[in-house]
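The values are calculated or read from the model by the stated rules, or taken from the named source; none is laboratory data. It should be emphasised that the depicted structure is a prediction, and the values quoted were computed from it without experimental measurement. Cβ: placed from backbone, ideal geometry, glycine included. Neighbour counts: every protein chain shown. The area values use the complete protein model at the heavy-atom level, side chains included, leaving out ligands, DNA and RNA. Shrake-Rupley method; radii C 1.70, N 1.55, O 1.52, S 1.80 Å.
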Amino acid sequence: MGVTIADVAARAGVSKTTVSRVLNGKGEINENTALKVRKAISELGYVPSAGAVGLARGTTQMIGMLVPDRARAWPGVVRAVVDTLETEGFGLRMLTWDRGEESLRRLGLQVAAKSFDGLLVTEPEDAMGYITELHEAGLPVVLIDDRLQRPGFPCVAATDREGGAQAARHLLEIGRRRPLVVTGPERFGSTRERLGGFVDVYAEAGIEIGRRSIVPGDSDPDSDSDSGSDFERGRGAVGRARAEGVEFDSVFAHSDPSAAGVLAALHEAGLWVPQDVAVVGFDDLETASYTYPALTTVRRPVREMGEAAARLLLDHVRGSPKAAPSCIVPTSLVVRGSTSQPGSN
């Protein structure tokens, strides 16, 4: 049995009703009593259910942001969120989802303590169920980059399918008719969207992309699929395709680090980019302009996504009648040297 509201009440020396009022922020509660209840919650590690939390709260002028871990938090998104919130007089409290149940407990404690007025979430993985409960109980929540999880609360996403189509149209325009596709993690709907958009454009041009030309970039049969970097996975994907005799004149990689790995593998094979093989990535991370040659990529506007998510959440926190249910931010193609030879433009 987990820790219950009755256990918290017993530790604090108050009634269950008082604990409930502290959790919900309802009624007149003596500050000393509230402090005892919150101390008991912390000592016992009590994670309030979304239903118990009710979340009727006054404003704290703080927004929480839940990310998988600090290493993977998008710097552009976070910077845009901070800038937008500061302009509106709000602060940001970062929370990580890197320790499973312990992280869930910390999140529950922050919610119980009314530490923030709303929650921004990126890649929540197994926490989606609990986050959905919190939203249904009244906590304003916005998911950044929904990865086609289709949550029951507002989200901000990019046009991944159109991004894949933009990459395909560009490669066709420069005469590349035998593309290799290095996909992203299969568990993400955005991977299917990018692949679908790309394949559809080639199909419209009368070119079928066979399964042998679609290489999973997140798995290697000779290693743990969860190990290694996107760079190494992209590099390995090209090596596997060449070993299997797949012929290609271009590569569409579903992330810039993967595309950088593709560039490395092509250089090692003695192939020239873009003369022999053109390469397109996805995201337009800062490193895309530092590869050799610089990487043509589909820009996913992470700063705009962060700003849009912050503003969308603030609208819901303030109860604005104009608050949108969700927001879609368009992608765009950025052409650089990996598909364009000097003087070709």
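Just a few scattered comments:
- In Å², nearest 10: area of T287 left accessible to a 1.4 Å probe: 80
- Take the Cα of A203, step 7 Å toward its Cβ, do the same at R106, and the gap between the two points is 4.4 nm.
- At R0 = 25 Å, FRET efficiency that the Cβ-Cβ distance of E43 and E136 yields, to 0.05: 0.30
- Amide H contacts under 5 Å for L92: I63, restricted to partners 5 or more places along the chain or on a different chain, H placed in the peptide plane at 1.01 Å from N.
- Largest to smallest in accessible area, the residues C327, C155 fall in the order C327, C155 (1.4 Å probe, all protein chains included).
- Placing a pseudo-label 7 Å from each Cα along the Cα-to-Cβ vector at W272 and E86 gives an inter-label distance of 4.8 nm.
- Neighbour-limited loop hits for trypsin sites (Lys or Arg not before Pro), segment 281-345 (at most 15 other Cβ within 10 Å; DSSP other than H, G, I, E, B): R318, K322
- Note on R192: accessible area approximately 140 square angstrom, rounded to 10, probe 1.4 Å, nucleic acids and ligands left out.
- Solvent-accessible surface ranking, highest first, for K16, K114 at 1.4 angstrom: K16, K114
- Within the accessible area of segment 235-344 (1.4 Å probe), percent carbon and sulfur: 54
- Per residue, segment 225-345 exposes an accessible area of 46 Å² to a 1.4 Å probe, with every protein chain left in place.
- Each peptide in 164-174, 262-272, 130-140 receives the mean, over its residues, of other Cβ atoms within 10 Å, and ordering these scores from highest gives 164-174, 130-140, 262-272.
- Label point at S332 placed 7 Å out along Cα→Cβ; residues across segment 289-310 whose backbone nitrogen lies under 17 Å: 289, 296-308
- Contour excess over end-to-end distance, with Cα ends at K322 and S15 and 0.36 nm allotted per residue: 106.4 nm
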